[in-house]
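Q: Pasting a structure here, questions to come.
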Amino acid sequence: MFRLRTSRRRSVCLALVLICLTAGSTLQSQSKSKETPQPDTPINETSFRLTLPGKWTPIPSNDPTLRTYHSTSEQLSVSIFGSLFGASSVMDHDAKVTTFKRWVAKIRTLESKAAEPAAVELTEPLFGESRGTLAARYTGYDRARKRRVHCMLLANSVAFEIFYYEGLDLSEHAAEDRAKAIFNSVDIPR
């Protein structure tokens, strides 16, 4: 009788070891397949070009001024407008900067009012300029939905475009790295 129990225990232990080994190798192979980076997604629109890291899919829209792309936990929306400034001789540089900053303030105000009170914490915008294109960038965090946002606005004599990145359940560092990779790849007409 004692031998039978020991034999059963050995069989049960052997079965558990086999199950663990099988599960471990399955998880390892899944982990390896997840570690294999997806190829980047190049986007070539008439009004902008950019590269999205990994696999992204466009979301169809009937709105000709909006392009939206998503991955498993991220979304990028691009709003496309004509120039804020009209013909380049109409406004001097200081007037363009003032107009651009006013639009950035309006957009931030709309965003903060659209969300529930204090739902999204927005940073102050950072401003810059490169080769005649004005740029602004700010970030935000929605604690309730664990949603991080990064917004980049670009304006020049040809275009005014808003690039709005959202990441769910990402650390601040991960969202920053992803948004920076996307924003650094953006090219708009001049």
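Q: Sorting check: for 91-98, 69-76, which peptide has the highest mean count of neighbouring beta carbons within 10 Å, and how do the rest follow? List each step's numbers first, then the result.
A: Details: 91-98: 13.2, 69-76: 17.0.
My ranking of the peptides, most packed first, is 69-76, 91-98.
Q: Please compute the modelled spin-label separation between His93 and Arg131, points set 7 Å along Cα→Cβ, answer in nm with one decimal.
A: 1.7
Q: Given a cut-off of 27 Å, name the pairs among Lys106/Lys146; Lys55/Lys113; Lys101/Lys180; Lys55/Lys180 whose C-alpha atoms lie farther apart than that in the structure shown. Walk me through the intermediate numbers first.
A: Details: Lys106/Lys146 25 Å; Lys55/Lys113 33 Å; Lys101/Lys180 21 Å; Lys55/Lys180 17 Å.
Violating the 27 Å limit, Cα to Cα: Lys55/Lys113.
Q: By how many nm would the segment from Glu172 to Ser61 lengthen if fully extended, with 0.36 nm per residue of separation less the alpha-carbon distance? Intermediate results must be reported in sequence, preceding the final value.
A: Numbers: separation 111, 0.36 × 111 = 39.96 nm, distance 2.95 nm.
Result for the pair: 37.0 nm of gain on full extension.
Q: In what sequence, highest mean first, do 148-160, 124-136, 55-67 appear when ranked by Cβ atoms within 10 angstrom?
A: Numbers: 148-160: 21.4, 124-136: 14.2, 55-67: 11.6.
Final packing ranking: 148-160, 124-136, 55-67.
No lab work stands behind these numbers, since they all come straight from the coordinates. As the structure is a prediction and not an experimental result, all values here were calculated from the model. Glycine also receives a Cβ, built like all others from the backbone with ideal geometry; neighbour counts cover every protein chain displayed.
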